[in-house]
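Everything on this sheet refers to the single structure shown next.
The values are calculated or read from the model by the stated rules, or taken from the named source; none is laboratory data. These figures come from a predicted structure and were not determined experimentally. Note that each Cβ is placed from the backbone with ideal geometry, even for glycine, and that neighbours are counted across all protein chains shown.
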Amino acid sequence: MKSIKKSWIIIGVIVILLFIGYSSIKGTYNKMVSLDETVTSQWAQVENVYQRRADLIPNLVNTVKGYADFEQKTLTDVIEARSKATSVNIDPSNLDANSIQQFEAAQQGLSSALSRLMVVVERYPDLKANQNFMDLQTQLERTENRIAVERRAFNESARNFNTYIKSFPQTMFAGMFGFENKAYFKATEGSDRPPEVQF
């Protein structure tokens, strides 16, 4: 009788320990999934604001084209840079340093082309006074600010994810479940400021 009671106690303890272990692993896994989805969602926001900038460019180019003697090479550079920037797509499940760097390089090319465009615009006072151009330029500046905000939010969500999966005991389960470190968005020097435009 005593041995049967002991057996039930041992079985009860084992069941309780298994339940605690299962709950712990389940909670850890679910938290990693949640943080991973936050990073993916934040990346989508980064792409969204970059797409907004790309969507403004055709209107900006068309407004500038209205000035017949405007330098065509500058416009062509902007159009080509936009095409290159919008062609770089990143799979959110593969946010490694190399893919983010490729994305940023393409976006930086577009930023440089836009900066050159704005410098050339300085020579055209009528264009600078055009209301459509002024509105588009304001929207572009606001979009550049949104890009900076979204990149910062992306890095924050990546940091939260990375910190969680590197902490003990999550680090044991992260590799087992296939969760890998997320790369940070590292912009090139000076790209955290919108293009400087003087009117």
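Of note:
Residue by residue, here is whether (1) over 16 Å from Lys73 (Cβ atoms); (2) touching a residue at least 60 places away in the same chain (Cβ under 8 Å); (3) surrounded by 16 or more Cβ atoms within 10 Å (Cβ to Cβ) holds:
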position: Ser93; (1), (2), (3): yes, no, no
position: Ala97; (1), (2), (3): yes, yes, no
position: Gln102; (1), (2), (3): yes, no, no
position: Ala106; (1), (2), (3): yes, no, yes
position: Gly109; (1), (2), (3): no, no, yes
position: Arg116; (1), (2), (3): no, no, yes
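- If you go through the range 157-179 and pick out every residue that is without any contact (Cβ under 8 Å) to a residue 24 or more places away in the chain and either under 17 Å from Tyr50 (Cβ atoms) or part of a helix (DSSP H, G or I) (or both), you end up with 7.
- Answer residue from the range 116-136, given it is assigned to a helix (DSSP H, G or I) and among the acidic types (Asp, Glu) and is nearest to the chain's Cα centre (by Cα) among those: Asp135
- Scanning the range 79-115 for residues that are outside any helix (DSSP H, G or I) and of a type in the set (Val, Ile, Thr) turns up Val88, Ile90.
For every residue, the table says whether it meets (1) surrounded by 12 or more Cβ atoms within 10 Å (Cβ to Cβ); (2) among the aromatic types (Phe, Trp, Tyr); (3) at pLDDT below 85.
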| position | (1), (2), (3) |
| --- | --- |
| Met1 | no, no, yes |
| Ser7 | no, no, yes |
| Ile16 | no, no, no |
| Gly21 | no, no, yes |
| Ser24 | yes, no, yes |
| Asn30 | no, no, no |
| Leu35 | yes, no, no |
| Thr38 | yes, no, no |
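- Looking across the range 113-131, the residues that are of a type in the set (Gly, Ala, Ser) and either at pLDDT below 75 or under 17 Å from Asn59 (Cβ atoms) (or both) come down to Ala113, Ala129.
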